[in-house]
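Presented below is the structure to which this report refers.
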Amino acid sequence: MSPPSGPPGKSNRRAGILIATLGVEPQVVTITLDHLLSGGEAISEVVVIYTETPRVQEALRIIEGEFQGAVYPGIQLRTVPVTSTDGPVGDFCTDKDLRALLRTLYVEIRRARQAGDIVHLCISGGRKVMGILGMVVAQLLFGPEDRVWHLITEGWQPGAGRRLHLPPGEKVWLVPVPVLRWSEAGVLMQTVAEMNDPAEVVAWHEKISRATRIKRQREFIERWLTRAEREVVRLACRGLDNAAIAAALFKQEQTVANQLRGVYEKLRDWLGYPAGNVDRSKLIAEFAPYFALVEEVKQGEDY
């Protein structure tokens with residue numbers, strides 16, 4: 001995946017910050033950033049959290065070189081050393097070192113949250129404990145749009161040839177790590193105490209998240225759209241084209257097209273002005289499951 005061209009963040013989409021823990025492999029940061037940018041994320045800043053060891057310092061210099069050139073125009077790089085009261089931390093050998101790491105992660109994620117930015121936390125670089133404490137802070141501070149990422153590149157092994165950017169077609173995955181946020185702590189603690197399997201806890205949390213999403217979708221359909229627009233959207237989500245919708249509602253086809261254009265503009269606003277087109281396919285992807293659920297509930301009530 002080659003780095004995306006042109007400065008990111010030019011849309012009205014909320015800005016995002018990539019916070020990455022760093023080990024001796026600088027490509028963990030650059031490949032993660034490339035993948036987020038190519039996926040339409042508006043990253044305005046990259047924060048690299050590192051330790052003071054020679055090999056990590058070398059990796060940090062390589063990353064700094066990428067930002068000093070024209071690879072990432074418009075994106076700022078900020079490097080943050082893990083520092084305790086004794087000075088820069090080289091490795092995590094004591095309780096004081098770990099407290100310093102926890103404090104560093106907490107301060108940086110909290111700063112991004114207070115600025116209103118979406119947080120993308122990559123925990124694939126550095127010592128394992130950096131990822132563990134990163135998850136702890138995510139549980140404490142994350143909002144519903146923030147994400148923890150685990151990077152996977154096919155066939156790469158530690159010590160293999162270093163490629164800071166992957167060519168198109170190269171297999172790379174950013175896997176979202178589930179975060180059980182403590183903002184739902186009261187219900188969460190009671191639920192966790194009653195479950196034996198952590199997979200059950202994750203499934204429960206996903207169910208809660210789906211319920212929140214459905215509630216928000218219902219708000220868009222019922223409060224953002226007129227009654228006429230709701231009927232057009234419902235039929236569009238069933239797969240009908242404009243001509244079929246017009247026939248079903250006894251309207252002119254041009255009237256249906258005009259109503260859908262208005263819906264797309266409202267949907268763009270509701271989604272926070274995402275990168276790319278907001279069109280019929282986006283509308284169907286977002287609301288076809290909602291209408292299917294509504295129909296399912298309605299049929300159950302009829303019985």
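Points to keep in mind about this one:
- Screening region 14-43 for residues that are of a type outside the set (A, V, I, L, M, F, W, C), outside any helix (DSSP H, G or I) and within 14 Å of the chain's Cα centre (by Cα) and picking the one that is modelled with the highest pLDDT gives 16.
- Positions within region 67-84 being touching a residue at least 12 places away in the same chain (Cβ under 8 Å) and over 14 Å from residue 26 (Cβ atoms), in sequence order: 73, 74, 75, 76, 78, 80, 81, 82, 83, 84
- Within region 203-223, considering residues that are over 18 Å from residue 289 (Cβ atoms) and surrounded by 13 or more Cβ atoms within 10 Å (Cβ to Cβ), the one modelled with the lowest pLDDT: 205
- Meets criteria (over 18 Å from the mean Cα position of the chain (by Cα) and assigned to a strand (DSSP E or B)) for residue 102: no
- Among residues of region 65-95, those that are part of a helix (DSSP H, G or I) and either touching a Pro at 6+ places or on another chain (Cβ under 7 Å) or more than 20 Å from residue 105 (Cα to Cα) (or both), counted: 4
- Taken over region 207-238, the residue count meeting the criterion of being part of a loop (DSSP other than H, G, I, E, B) and more than 12 Å from residue 260 (Cβ to Cβ) is 2.
- Of residues in region 272-291 being free of Cβ contacts under 8 Å to residues at least 12 places away in the same chain and exposed (fewer than 15 other Cβ atoms within 10 Å of the Cβ), the one farthest from residue 218 (Cα to Cα): 277
- Scanning region 107-129 for residues that are over 15 Å from the mean Cα position of the chain (by Cα), under 25 Å from residue 206 (Cα atoms) and surrounded by 15 or more Cβ atoms within 10 Å (Cβ to Cβ) returns a single hit, 124.
- As a summary of the residue check, residue 152 satisfies the conditions (1) at pLDDT below 90; (2) not in a strand (DSSP E or B) except for the one numbered (2).
- Residues of region 229-251 satisfying the condition of being surrounded by 14 or more Cβ atoms within 10 Å (Cβ to Cβ), over 16 Å from residue 291 (Cβ atoms) and within 34 Å of the chain's Cα centre (by Cα): 242
- Residues that are free of Cβ contacts under 8 Å to residues at least 40 places away in the same chain and either buried (at least 20 other Cβ atoms within 10 Å of the Cβ) or touching a helix residue (DSSP H, G or I) at 6+ places or on another chain (Cβ under 7 Å) (or both), drawn from region 34-66: 37, 46, 48, 59, 60
- Residue that is modelled with the lowest pLDDT [pool: residues in region 155-175 that are under 21 Å from residue 134 (Cβ atoms) and exposed (fewer than 11 other Cβ atoms within 10 Å of the Cβ)]: 158
Okay, residues lined up against (1) in contact with a helix residue (DSSP H, G or I) (Cβ under 6 Å, 6 or more places away or on another chain); (2) closer than 19 Å to residue 64 by Cα; (3) at pLDDT 90 or above; (4) outside the structural domain of residue 20 (by TED's automatic domain parsing):
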site	(1), (2), (3), (4)
87	no, no, yes, no
92	yes, no, yes, no
95	no, no, yes, no
98	no, no, yes, no
105	yes, no, yes, no
118	no, no, yes, no
124	yes, yes, yes, no
127	no, no, yes, no
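The values are calculated or read from the model by the stated rules, or taken from the named source; none is laboratory data. Note that this is a predicted model, so its numbers are computed, not measured. Neighbour counts are summed over all protein chains in view; Cβ atoms, including those assigned to glycine, are modelled from backbone coordinates with ideal geometry.
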